[in-house]
Structure formats: C-alpha cells, structure tokens
1. Name, by its number, the condition in (1) within 16 Å of the ligand (Cβ to nearest atom); (2) under 27 Å from residue 341 (Cβ atoms); (3) not in a loop (DSSP other than H, G, I, E, B) that does not hold for residue 467.
2. So residue 88 passes all but one of these: (1) within 16 Å of residue 234 (Cα to Cα); (2) not in a loop (DSSP other than H, G, I, E, B). Which condition number does it fail?
3. If you go through segment 175-189 one residue at a time, do you hit one that is more than 30 Å from residue 416 (Cα to Cα) and either in contact with a strand residue (DSSP E or B) (Cβ under 7 Å, 6 or more places away or on another chain) or at pLDDT below 95 (or both)?
4. Are any of the residues in segment 321-343 closer than 16 Å to residue 95 by Cα, under 20 Å from the mean Cα position of the chain (by Cα) and outside any loop (DSSP other than H, G, I, E, B)?
5. Just the residues that are more than 15 Å from the ligand (Cβ to nearest atom) and either surrounded by fewer than 24 Cβ atoms within 10 Å (Cβ to Cβ) or closer than 29 Å to residue 258 by Cα (or both), please, taken from segment 537-565.
6. Mind checking which residues of segment 508-533 are more than 25 Å from the chain's Cα centre (by Cα) and more than 20 Å from residue 667 (Cβ to Cβ)?
7. When you look at residue 652, is it within 27 Å of residue 752 (Cβ to Cβ) and either away from the ligand (no atom under 12 Å from the Cβ) or assigned to a loop (DSSP other than H, G, I, E, B) (or both), yes or no?
8. When only residues in segment 506-536 that are more than 15 Å from the ligand (Cβ to nearest atom) and assigned to a helix (DSSP H, G or I) count, which is nearest to residue 9 (Cα to Cα)?
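The values are calculated or read from the model by the stated rules, or taken from the named source; none is laboratory data. All values derive from a computational prediction rather than experimental measurement. Virtual Cβ from ideal backbone geometry, glycine too; neighbours counted across all protein chains shown.
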Ligand code: CDP
C-alpha cells in the first residue's frame, strides 16, 4: 500500500488553509469582537433626503438621554477643520454635513454613548430642519443645462461635470472606421451594485490622552495607506498612529475608502479621551458606503466583412454620486477602463470618458475588480457578441479570428497596456472541449425549430491586475509597491510580515507556500502576519488582485535574499567555497557531493550560533517590490441557459470557467477564489440592483430588496485551467481573486442574448430578471 507523504506546502500543493481552523471554530477575531475597557459607542444620524439644505440641527433631546456622552455635528468638526476630508480621487467629501445633504443616508450628526442602543435611540432624536431641494438621480440629468448644482460649495464648480478623460488614438480610430465594411454598435448600462461583504465596516478608535497614541482597529483593506491619510487629514503625528486590521469578513473593495464614521469616531475618542466603537448595520453599509459600477457605456466596433475587427470607439458616462471618491490610481480618471480592447488585436481604439455628480452615495470602488476592468470587460465581450449576432458568425469564430496570438506577447495594446503573456485560443479550446460546444449547438438548433429558447454564452476576458509599477500607479500619491519582511528564527521556524491584508483570500497559507518553495521551510513552520502597521512593513494593501502579483513577488524576493545569505553560512558549515554551494528544496550541498549537505534549519541555527568571520548575525530581511509591469490573467467562460417563454425565467444549465492566472500557488485556493467570483458575477448578472426613485430614495438598502445569490440559486461551476506564466513575476504568478467577477457577467448575459438574438433582441441590461426578459420577448411577440 502506498504511503501518502504529507504535502510540505510547495507551490502547486493544495494544502488546506491554515486560517480556516480558527474561522470554522468561530474563533476569528473580527472588528466587533474588539472590546476595550471604558469603550463608548457611536451611532450616526443620516439624511432622509437625497438633496436638501440644512437650516438647523437641534441636538438637545439627544443630549438629554441618560448615557449620552456627546453629540458631534459638522459645526463642531468644522472648528477642528475636520468637517470635510479629501477623497482617494482628489475630491473632497463631507465628514458630517454642514451646509447641505447631497445623498440619502449621508452622515449628519453622531451620538456617542455608553451603550450602542442608547446611541442609536438618541441619534434618532436629533432634529434636523431641512429645506428639500430637487434631486438629480442620473448623470444624463446631471449634465443638462440648468440642472441643480450639487457641489455648490466647491469654488469654481459651475455644473455637475467632474472630469473628461481620453485614451487611445482618435485620428487612427476614425481612419479605421472610415475603412470598415460595417460598424456594430451597442449601448449598455452596467448598473450600480454593491460589494456587500458579510462583515460591515467599522472602527474602534482608541486615542490615549496621556501619550497621544491613537490605536485604530479598522476594517481596512489598506492599513498602511490609511495610517498616512489619517496623519495628513487629522494632523496627527504618523508615528503615534497604529492601525490594526483584525480578521476581515470580506472586503471586495468596500473597505478601501476612508468613511466619515472612521474620522468622527477617531475625533470623538481624541476629544473624549475614551475608546469609541462604530460598526455599521447592514442598511447603513448598503446605503452609504462605496458602491460599484454605474457606467453608461456606448461601444462601436469597426469590422471587415470577414469578421476582422479594425477599430473600437467607446464613450462612457459614469455616475459618481455626490463626491468623486473612486479608489483608483490618480493618473486614471476612469480607472483602468481603457483595457476595453480586451483579448483582441485591435490596432486602433479611442476611449472617451466623462464623470458626473449626482445625488447618490459616492461610488466607484473597485468591487472585486482592478479599477473598472469589470465594466471594460463587460462592454467588449457584449459588443463582440453583438457583432457575431449581426454578422451571423459563431461567437467563438469571431473571437478566434481576432484574438491576440500567443507569439504576439508581450503585446502593446492600442490604449497603452503592455500585456505580459497569454494564450487565448488554448484557453478557449479547453473550455469548448469541457462544455461539448458543438453538440450543444446542435441541440440548440433542434430546440429552436421547436420554438424552445436555449442559449450558449461566450466571454473571453483579459484582465490587468497587480498595480504598480509605482511610476505609473499611485493612490493619493503613494506609489503602488508592496513589501515582505521575513524572519527565520534559530530553530528554523519563520515569521513572514506583509504590507498586504487578507479579507478571506487565504494569505496565511499561500504566502507561506512561496517561502516554502524558495527556502524549503515547511509551510506549517511559517507564521504569516498582516494588518498591524506597527509590526508589518509599509505596503499599499489588498484590492484589485494585487497581493500575489506584488506582495507575492516581494515574498519570493525576500526569500531569495535570505537564501543568498544562507548560502554563505552553508559554505562555512560545509567548509566549501560559496561558489560551490547549491540549493535544492531546503538543502544546501557542495556541487557534485549531494550527500554532504546542511538543511535550511541547520543554517538558520548557525546564523545565530556559528557564523563565518565578518558576516552579520541573524537571518532576516525585508523587500519592497515595485513590479516592472502589471499581470494579465485571462480565461474563457461558457454558459448554457434555457429560457421559459411564459415567465421569462432564465435557468443556467451549465457554467464552464477556464482560467489562466499563470502559476497557481495553491490550486485549491485559486479554485475557491473562482467559485466566489462566479457567484458574485451570477448575482450581478441576474439579481443584484441598487436603484433610486425620482427623489433619490435608495431602493435596495437591505437584503430583502438587494438579492445576493445563495447556494440555492447559484449554478454548479465546472472549472478548468491553462497555465501561461507571467514572464516578469519571480514565480510566474498572476492575480486571480477577481477574474471570475470580471469575466462572468458578460458570459451570463451573452447566453441570454444568444437564446433570444434570433428574435431581434440585442440587449437586456443587468440584472437580467425574468420580468425584463419576458417584456423583451413580449415586445417581439415571442412571449407566451
Ligand atoms: O489581492 P488578493 O489576495 O485579493 O488576490 P490574489 O493576489 O489574486 O490572490 C487571491 C488568493 O489566491 C491568494 O491567497 C493567493 O495567494 C492565491 N493565488 C494563488 O494561489 N495563485 C495565483 N496564481 C494567484 C493567487
């Protein structure tokens, strides 16, 4: 009988996630688990109106409630120059409203009390006298002449326009369109949706009046960057601020921005001299924290009659809400939306984007997305589907004809990205074989003859993840590098400290595996620490799938740094020249005599006990890694749907997802990431919608109205892989965390359109609900 050798945790080993041990026992330590002696609680009074001038605020009744310690208003904050704060996109945002409220749910005043329920009850007693103004709820309405001015406090702001930004070559694109045999156009809307992490946002601010030290426990995806921004906004000395991100129950971009609640709780703790806790409830999270998407997009594809794409023209109008707070690199006004040429060898492209203020909560977080890549991927994949439909081509054929070919990498896109590596035809082939595509097309033709609606959706996405390089990408001026510090103790056990911060992605397991591969220390002997700014090296944090491309690379590089030093020590122990020392899986040996060897554990012990003359003691190091380029994961997703003509109900019968994220560190963790992303993509495509009525009331501020998919609704996922390593990443890995959320919505919607396209239906905007499908069928006389 074969004896199974336990996996050591090398790259490629699907070892179990270390962190799950505490999570499944209910022993995680989340923000709300933090309880400090003398801690007070904060509750926020929010605006019921989307747009209203504040005439007065009366806090007397709230102040009088027994247990209330303080009531904080914008006026009080203004005395400390804290009524407004900068946003991540260089705009300003009200911390507590002083002049006007600009979206429903905006923060107006806060109550600090000795009990969370007292704080909440008292917050409801704050009387605000509002003069209600006309609300602006769409960007089109916002840009009309004479629209109410939302940001009237901004000097020089005459209208609701925020930015205009372009990428690509307009003249070259116009030329391509002039030469085209035909142009295919698609207008589509990627609606506002919400990351909805299971754990909402919160803070426990603990400012020690004696020392001036501020310890801030925060649900932060980017604790180091937040520390610096806090220092700048609040004028606190940075060495006195310690941010601790405990375990986080999902972030998905929602925990990247700095929210007013964080600022007020910190200011209150500073003024009162006691710890202050603020934790949002579900509706507060859904109504006021970072939304995603809300892009109105119009794409035109210039084509030859044989299906070859010649040029792409895109216009996009984004709804940014009342404050432009998108979390994105400062040079890019619409994030990385200009990756919109996708997987195709498009020689000419031009992208024009505009943003508008509306009376909605500020949006623009990269919800499981690398700064608007999701919207871009959706548009191009939907547009290619439209082209296939109009030209009567198979959607796989048109893609195969236009894919960037494997030998074209590194490939410079028409909008300025250098794609690192890829093999798009292979990923598609693996997906087609897995699905049994040709057979299903035959079945579809048979069904169509009988009047039954069946569709096969295709999406072949390319992503751009892993920001920096720092010279092109920064957040609020901070270059987007990342870091890893590795300490190998005398007994050969190690601690790895990172600048990134997991919110459930399994970093404690996978980052240890990189050290295992590079140094040979078993993953079980490596403790991974993240999220405490006093005890981890500076980094920009975890979002936009950047942890593996940047923090993972830093981990490999610091391990190699230590390996170089370890070689010197091994040479000393083996009485050989350093040049003759070789390393293989945790063993150092003299070239040609593998039996004469020392383990990494022997060497670690010697680093503290038996060193060659002139060498510093210890086996520790730190690396700050600025990547030379982004990584470009890709994949092909295929979806099969059946549609009921009587109800418009769409049933997803099959979902095949083939992903290529380069070298997989832990295939099981990658698989988990893909399942999660496909579920979120399914929710966005079919269920989730935050919408607003004409007065700007937010509809969808609870989980009864905002429908998240459960295992009941979600289809079974069939996954596959190809591996095309990133040539510039030290271990060949690309990011993967968000690939499935980026790639899948278009595949789901394309499947629906594939089922009904022959009836003349070209588009149904997400979420593709039964009523919308039925209405579209009915319009074409095809509903039952
Ligand atoms: O930045 P974030 O952690 O959200 O995304 P990521 O870097 O794509 O990683 C998500 C999880 O998948 C982490 O635990 C990674 O280490 C793991 N992963 C992997 O095992 N192999 C890859 N090629 C990419 C990610």
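1. Checking residue 467 against (1) within 16 Å of the ligand (Cβ to nearest atom); (2) under 27 Å from residue 341 (Cβ atoms); (3) not in a loop (DSSP other than H, G, I, E, B), the one that fails is (3).
2. (2)
3. Here is the first cut: in segment 175-189, the residues more than 30 Å from residue 416 (Cα to Cα) are none.
No: zero hits.
4. No; the residues of segment 321-343 include none that is closer than 16 Å to residue 95 by Cα, under 20 Å from the mean Cα position of the chain (by Cα) and outside any loop (DSSP other than H, G, I, E, B).
5. 537, 538, 557, 560, 561, 563, 564, 565 - these are the residues of segment 537-565 that are more than 15 Å from the ligand (Cβ to nearest atom) and either surrounded by fewer than 24 Cβ atoms within 10 Å (Cβ to Cβ) or closer than 29 Å to residue 258 by Cα (or both).
6. Restricting attention to segment 508-533, the residues satisfying the condition of being more than 25 Å from the chain's Cα centre (by Cα) are 515-527.
Selection gives 519, 520, 521, 525, 527.
7. Working: within 27 Å of residue 752 (Cβ to Cβ): yes; either away from the ligand (no atom under 12 Å from the Cβ) or assigned to a loop (DSSP other than H, G, I, E, B) (or both): yes.
Criteria met by residue 652.
8. 524
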